[in-house]
Amino acid sequence: MIEIKNLHAEIDGNEILKGLDLSIGNGEVHAIMGPNGSGKSTLSYVLSGRDGYEVTKGSVTLDGEDILEMSPDERAVAGLFLAFQYPVEVPGVQMTTFLKTALNAVRKARDEDELDAIGLLKLMKTKCKELNISDEMMKRAVNVGFSGGEKKRNEVLQMAMLEPKFAVLDETDSGLDIDALRIVADGVNALRAKERSFLVITHYQRLLDYIKPDKVHVLAEGRIVKTGGPELALELEKKGYAEFVGEAA
Amino acid sequence: MLKDKARNLRKNQTDAEKRIWNALRNRQIDGNRFHRQFVIGQYIVDFVCREKDLIVEIDGGQHSDNKKDIERTQYLEKEGYRVIRFWNNDVMNNLEGVLQDITKELEALTPTLSLKGEGVLPTPKMERWKYTNLPAKLKKFDLQEGEADIVLSGMTDYAYAFPKVMDSFPTWAKEIVNKPVPGEQRYKDMMLWQAANDVLKNGFILDVPANEKISKALEITYTGHDKKQTTARQVIRIAEGAEMTLIEYQLGAGQYWNNIVTQVEVAKGASFKHYRFQENSDEAVVTQNTHIVMAERADYEAFTFTGGGKASRNQVHVDMMGEHAVCRLNGVNMLDGSEHGDTTITVEHQAPNCNSFQNYRTVVTDTATSVFQGKIHVHKIAQKTDGYQMAKSLLLSGQATVNTKPELEIYADDVKCSHGATTGRLDEEALFYLQSRGIPEAQARNLLIEAFVNEVIEEISHDDVQEQTAHIVNQWLTREDEPANEEWLD
Ligand SMILES: Nc1ncnc2c1ncn2[C@@H]1O[C@H](COP(=O)(O)OP(=O)(O)O)[C@@H](O)[C@H]1O
Ligand SMILES: [Mg+2]
């Protein structure tokens, strides 16, 4: 259960989130849609604790725990995961090293046994297969030389391995062709579970054909301006966001 | 037993001995301390100045020239002492003259590498010493000349300790040692090399015969000791078609200064892998001059890790004299505290079709300073040269300093030369990405630093050395005095 209350956040003194309320129950998938620049990515970064994103008001709790006081890695340990809109290249750090370090850091912090190289490899192989990720990709440096689609699948792979309680997917669908979109969606759907919630940020309704949301929210100018069922996404697809931009301004 | 005898002798000095002792005692000659009736091996010598290894013997006339005396002198000289003799008569009738002789001998034995001397050390006024103020680094040092502590291990078949006297050098080594000092005409800053020539008594010779292909490495460990200044020389010949690997380890405790000169000849078709791990005490100064001469199709691969030292200077000069030679000069510097690490390289392409590569990664934190000066000099004759140089530095603190000076000097028209230098901080976005996956900040930083230096470590062709380097880097990263997560990002 993630609860966001009256969240205000600014970048360099400019307020971007202006009193955002949102709560997602266990097992639920919510979608956020909204025009470019409305603050969707800002929300995802604020949730994951990126430097430079200052929360000035409000609260965010994950299963009752205040996450705003935590460092980004502590949030990951607490069960938060962000699939980046623009996955970051990390030259020189090999995928396998990265996954092993991340997974074991999280397991250690959660008081679970660390995985040995073989255990990790097995897990990786299974997940890679599901997401159509080649062994060769695992030998490369993190996201270096990956195509757009590969980067997005790589985000889902990390999510699958870290098994978060709450995952934010920031435009994971953008730049994907229909086949890649299906693979990514299948990956996400496979993780849907009673105890896990998702926030799917998207610009297009298309993704929601594959990942069926319980609720759809419209974010405009730093606030949730409308909430509805999946039909809201179709409506937005037709009408665009013009009415919301005007309303909130 | 011998000691009792010496004590007796001291009590029953001859007149001549008394007379000269009165002039030698209490450091009367330029502060040099003498002992009388002193035991060395199985002998008791009349007077000895141990700092200068000078023995003064007074002969009564009755026991000179005999076989025992010659043996005695030979033994003492082999031990590194200089032995001078005077007759009783000289002492009694011409003490002045005797003392003059002793003074002269002492002067001759005084190492030129005196910290007090003016004009003995290179200064920042000199072009290649602009960023490293050696006199300042040595200013508060209180050092005594000592023997370098060198231990050879591993593949030692073709290596042996330095002969104490030039006469016992093999001819080839003598020739190498007597060669003109590289860079001297142009820069006039090679006093450390010359000083090493003057001292010439410590070090080792490595002589790998033709076509001998050795996979096991020779390992050399230099240990620095507090308050000691040592000078060592390494003379290396890899004969035609031979293959050899040398790994040097430098470590130590306290305040010391090691000045090392290394000369390497890699003959036609020979291959030499040369690895150095400098983990000196952070109070120590280490100056190194390495000169490599490469013949046709010779292959030289160097990797140097510098992870310590109040100041270290690694000066390398390569003369590529034969066609199709390949040299790779790589290194990683990891400097913290107020450490200062200087790498100064000159590659002289003096034959066509040679390749040279320089690839360095430097990590500086706290108030540490790094210097990289790399020069590729392509002579007119050296067509089809391929020269490459890359120096990247990572600043982990706002107070650390990086000085980089790449230089190309090209006189041939058909060459491919490139160089690049970057100085940056840790990539904040990458750091956040790693952290968002649950990796704690300190560990994430280390992953990124490791990735940065790995670009060069990956190029080490010797698997064990590569692994060892990765391990040393990891040790450096997880060292205890690492400053707590510093806020210094892009
Ligand atoms: N690093 C930044 N510095 C200053 N302003 C920013 C920064 N990142 C985003 N913004 C601004 O914040 C607003 C929201 O951006 P963002 O969250 O990326 O929107 P979305 O993801 O909905 O397209 C925009 O007006 C954008 O210009
Ligand atoms: Mg966005």
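Quick rundown of the values:
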quantity	calculated
Solvent-accessible area of A:Met1 with every protein chain in place, 1.4 Å probe, in Å² to the nearest 10	70 Å²
Inter-part distance where the stretch A:59-75 and the stretch B:408-422 are each reduced to a Cα centre, Å	54 Å
Those residues of the stretch A:86-109 for which accessible area with every protein chain present is at least 20 Å² below the isolated value (1.4 Å probe)	A:Val88, A:Val90, A:Pro91, A:Gly92, A:Val93, A:Phe98, A:Thr101, A:Ala102, A:Ala105
The protein assembly as shown, accessible surface, carbon-and-sulfur percent (1.4 angstrom probe)	46 percent
Charged-residue dipole, Cβ positions (Lys, Arg, Asp, Glu), the stretch A:18-162 about Cα centre, Debye nearest 20	600 debye
J(HN,Hα) series, the stretch B:133-149, from Karplus relation 6.51 cos²θ - 1.76 cosθ + 1.60, nearest Hz, glycine and proline x	8, 4, x, 5, 5, 9, 3, 8, 6, 10, 10, 10, 4, x, 7, 5, 8
Sequence-separation-based contact order of chain B, relative, with Cα cut under 8 Å and 6+ spacing, percent	7 percent
Value at 222 nm in deg cm²/dmol, rounded to 500, when DSSP H runs of n ≥ 4 in chain B each add -39,500 (n - 2.57)	-7000 deg cm²/dmol
Projected label distance in nm at B:Arg25 and A:Lys125, using a 7 Å step from Cα toward the beta-carbon	8.6 nm
Relative packing of peptides A:63-69, B:170-176 - highest average C-beta neighbours within 10 Å first	B:170-176, A:63-69
Those aspartates and glutamates that a straight Cα-Cα span of less than 18 Å connects to B:Lys174, excepting residues fewer than 8 apart in one chain	B:Asp198, B:Asp207, B:Glu265
Label-point gap, in nm, between B:Glu459 and A:Asp63 - each point 7 angstrom along Cα→Cβ	4.9 nm
Average accessible area per residue (Å²) across chain A - probe 1.4 Å, nucleic acids and ligands excluded	43 Å²
Residue-span extension gain [B:Glu240 to B:Asn66] - 0.36 nm each, minus C-alpha spacing	57.8 nm
FRET efficiency, 1/(1 + (r/R0)^6) with R0 35 Å, evaluated for B:Lys11 and B:Tyr75 via beta carbons	0.85
Length-normalised contact order of chain A in % [C-alpha pairs under 8 Å, at least 6 apart]	28 percent
Options B:Cys49, A:Ala83, B:Gln373, ranked by Cα towards positive dipole end of the protein assembly as shown, top entry (Cβ charges)	B:Cys49
The stretch B:333-361 residues near the modelled B:His419 label - backbone nitrogen below 17 Å, point 7 Å along Cα→Cβ	B:342-350, B:355-361
Spatially proximal lysines relative to A:Lys40 (Cα-Cα < 19 Å; intrachain offsets below 8 disregarded)	A:Lys5, A:Lys18, A:Lys57, A:Lys152, A:Lys215, A:Lys226
Efficiency of FRET between B:Arg82 and B:Asn197 - r from beta-carbon atoms, R0 25 angstrom, step 0.05	0.90
Listed residue (B:Gly241, B:Ser168, B:Ala400) projecting farthest to the positive dipole end of chain B, Cβ model	B:Ser168
The stretch A:99-110 - phi-based ³J(HN,Hα) in whole Hz, Karplus 6.51/-1.76/1.60, Gly and Pro as x	5, 5, 4, 5, 4, 6, 4, 5, 4, 4, 5, 8
Subset of B:Lys67/B:Lys228; B:Lys140/B:Lys201; B:Lys179/B:Lys213; B:Lys78/B:Lys273 violating a 29 Å alpha-carbon distance limit	B:Lys67/B:Lys228; B:Lys78/B:Lys273
FRET E, pair A:Asp177, A:Glu136, Förster distance 30 Å, beta-carbon r, rounded to 0.05	0.90
Lys, Arg +1 and Asp, Glu -1 on Cβ, resulting dipole of the stretch B:280-422 about Cα centre, debye, nearest 20	180 debye
Solvent-accessible area lost in complex, 40 Å² minimum, residues of the stretch A:55-75 relative to chain alone, 1.4 Å	A:Pro72, A:Asp73
Accessible area (Å², per residue) of chain B, counting only protein heavy atoms and a probe of 1.4 Å	44 Å²
Residues whose placed amide H lies under 5 Å from that of B:Asp59, excluding near-sequence neighbours	B:Phe86, B:Trp87, B:Asn88
For A:Gly49, distant residues with modelled amide H under 5 Å away	none
Whole-Hz ³J(HN,Hα) from phi, Karplus 6.51 cos²θ - 1.76 cosθ + 1.60, for the stretch B:408-414, glycine and proline x	10, 10, 10, 10, 8, 9, 10
The protein assembly as shown - charge dipole about Cα centre, Lys and Arg +1 at Cβ, Asp and Glu -1, debye rounded to 20	1840 debye
Protein heavy-atom accessible area occluded, B/A pair - total, 1.4 Å probe, Å²	2000 Å²
Residue (of B:Thr385, B:Val326, B:Val347) at the positive-pole extreme of the stretch B:272-407, dipole from beta-carbon charges	B:Thr385
Hypothetical label at B:Glu127: residues of the stretch B:187-212 whose amide nitrogen lies under 13 Å (7 Å Cα-Cβ projection)	B:187-190
Chain A: calculated mean residue ellipticity at 222 nm from DSSP helix runs of at least 4, using -39500 (n - 2.57)	-11500 deg cm²/dmol
Rough spin-label spacing in nm, given labels placed 7 Å along Cα→Cβ, for B:Asp142 and A:Thr56	6.2 nm
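The values are calculated or read from the model by the stated rules, or taken from the named source; none is laboratory data. Just so you know, these numbers come straight off a predicted model, no measurement behind them. Using ideal geometry, Cβ is built from the backbone for each residue, glycine included, and neighbour counts are taken over all protein chains shown. Surface areas here come from the heavy atoms of the whole protein model, side chains and all, with no ligands, DNA or RNA. Shrake-Rupley method; radii C 1.70, N 1.55, O 1.52, S 1.80 Å.
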